[in-house]
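Working notes for the structure below.
The values are calculated or read from the model by the stated rules, or taken from the named source; none is laboratory data. This one's a predicted model, so the numbers in the text were calculated from it and none came from an experiment. So basically every Cβ, Gly included, is an ideal-geometry build from the backbone, and we count neighbours across all protein chains shown. Side chains included, ligands, DNA and RNA excluded: accessible areas come from the protein's heavy atoms. Shrake-Rupley method; radii C 1.70, N 1.55, O 1.52, S 1.80 Å.
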Amino acid sequence: MTTQHKGVQNHTSAADHHEQAAHHHREAAKHHESGAHEKAGHHAHMAHGHASHARHHAEEASKHHAQEHGSKK
């Protein structure tokens, strides 16, 4: 994989994880409303994990951008 593609892949992965986190938040809300608190907790936990992965990929994309464009960061 070229470095160019690595940056694109990190941005895409971040977006995918954000979308998955949103899905799990919606599922958690649905289960919470119906009183299925264990299921709601499960989906909230999954949402947290996807959000964490999204942040990681966004940070990697940012590092890649800085390296590609000469930032001394």
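Annotations
- Charge dipole (the chain, unit charges on Cβ, about Cα centre) - positive-most of Ala58, Ala47, Gln20: Ala58
- Evaluated over the chain, the Cα radius of gyration and Dmax, each in Å: 16.2, 53
- Carbon + sulfur, % of accessible area of the stretch 1-49 - ligands and nucleic acids excluded, 1.4 Å: 56
- Here is how the number arises for the chain: DSSP H runs of 4 or more residues each give -39500 (n - 2.57), the sum is divided by the residue count, and the result at 222 nm is -32000 deg cm²/dmol.
- Local electrostatic count at Val8 - Lys and Arg +1, Asp and Glu -1, tallied over other residues with Cβ under 12 Å: -1
- Using Cβ point charges alone (K and R +1, D and E -1), the dipole size of the chain about the Cα centre works out to roughly 260 debye.
- Within the shell defined by Cβ-Cβ distances under 12 Å, the residues around Lys39 carry a net charge of -2, with Lys and Arg each +1 and Asp and Glu each -1.
- Rounded to the nearest 10 degrees, the inclination of helix 3-34 to the longest alpha-carbon principal axis of the chain is 10 degrees.
- With Cα atoms, 0 to 90° folded angle of helix 37-68 axis to the chain main axis: 10
- Label-point separation in nm, Asp16 to Ala66, each point 7 Å along Cα→Cβ: 2.5
- If you plug the beta carbon distance of Glu33 and His56 into 1/(1 + (r/R0)^6) with R0 = 22 Å, you get a FRET efficiency near 0.10.
- A 1.4 Å probe run over the protein chains yields, for the chain, 75 Å² of accessible area per residue, whole-number rounding.
- Most mobile listed residue (Ala51, Ala36, Ala14) in the chain, GNM with C-alpha springs under 10 Å: Ala36
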